[in-house]
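One structure is given here, and the rest of the page talks about it.
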Amino acid sequence: MSKTVEKFDNNKNLVYIKYSNGFEEWREFNKNNNEVHYKNSNGYKLWYEYDDRNNLIYFKDNKGFESWQEYDRNHNEIYIKDSNGFERWYKWENNKRIKIAKEEFDYFPES
């Protein structure tokens, strides 16, 4: 799809796109330039929530999907869970995310 129209807000966030086939997308951003709402011309919508450190902690869509995230003090994602039943803990070593195996679930990273 080629883009035909793009609009940006005062912070240079892309808030609107219209493609040559007529498909459109709209985005809203908070004062920290985090995307907080998305919708498109097919009716799909997303809402995002962030913590006070600008980490994405929750999002949901208008089809019933939800996802929750947690982070350590270094802003590394350490936990994710979603409404489809996916759930996983992570630890970080040498700036690399490592999945914690089921038998290691007694390990709870500091947050």
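Model label sites at TYR50 and VAL5, defined 7 Å from Cα along the beta-carbon direction, differ in position by 2.7 nm. All other residues whose Cβ lies under 13 angstrom from that of TRP68 are scored, Lys and Arg at +1 and Asp and Glu at -1, for a net of -4.
The phi torsions of segment 55-68, fed into the Karplus equation with coefficients 6.51, -1.76 and 1.60 and a -60° offset, translate into couplings of 8, 5, 10, 7, 8, 9, 10, 7, 9, x, 6, 9, 8, 10 Hz, rounded to whole numbers, with Gly and Pro shown as x. For LYS45, the lysines whose Cα falls under 26 Å of its own Cα, not counting residues fewer than eight places away in the same chain, are LYS3, LYS7, LYS12, LYS18, LYS31, LYS60, LYS63, LYS81.
Laboratory data are not the source of any read-out in this text; all were calculated from the coordinates shown. Just so it is clear, the structure is predicted and the values come from calculations on it, not from any experiment. Cβ sites come from the backbone with ideal geometry, for glycine too, and all protein chains shown count toward neighbours.
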